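Worksheet: the structure to be examined is printed underneath.
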Amino acid sequence: MRMFKRYVPKLIAKHVSRLFSGRIYIDGRGGYEFNNGILLVPVKAQQRHFQTVNEVNQEIKRMKDHTA
């Protein structure tokens, strides 16, 4: 499990896309799991969880589109 002290979507997206599956924790945002290179919405999700997942997954998509 990787712990991030600050919420930086670009850095988190890089980590998620490289490791492909696992778990992360973001201070102030909570714990998340990722699989197949995308961040997944937690089971008991609140609005901030949906926002975080959306922002990080958009950054992952942007990274993949930029390299292709």
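Any read-out appearing in this document is the output of simple, stated calculations on the displayed coordinates, not a laboratory observation. All of these numbers come straight from a predicted model, not from anything done at the bench. Ideal geometry is used to build each Cβ from the backbone, glycine not excepted, and the neighbour counts take in all protein chains shown.
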Wholly enclosed strands (runs of 3 or more DSSP E) of the chain bearing at least 3 residues surrounded by 13 or more Cβ atoms within 10 Å (Cβ to Cβ) and of a type outside the set (Asp, Glu): 22-26, 30-35, 38-40
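Conditions (1) under 14 Å from Pro9 (Cα atoms); (2) not hydrophobic (A, V, I, L, M, F, W, C), marked per residue:
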site	(1), (2)
Ile38	yes, no
Ala45	no, no
Gln51	yes, yes
Ile60	yes, no
Asp65	no, yes
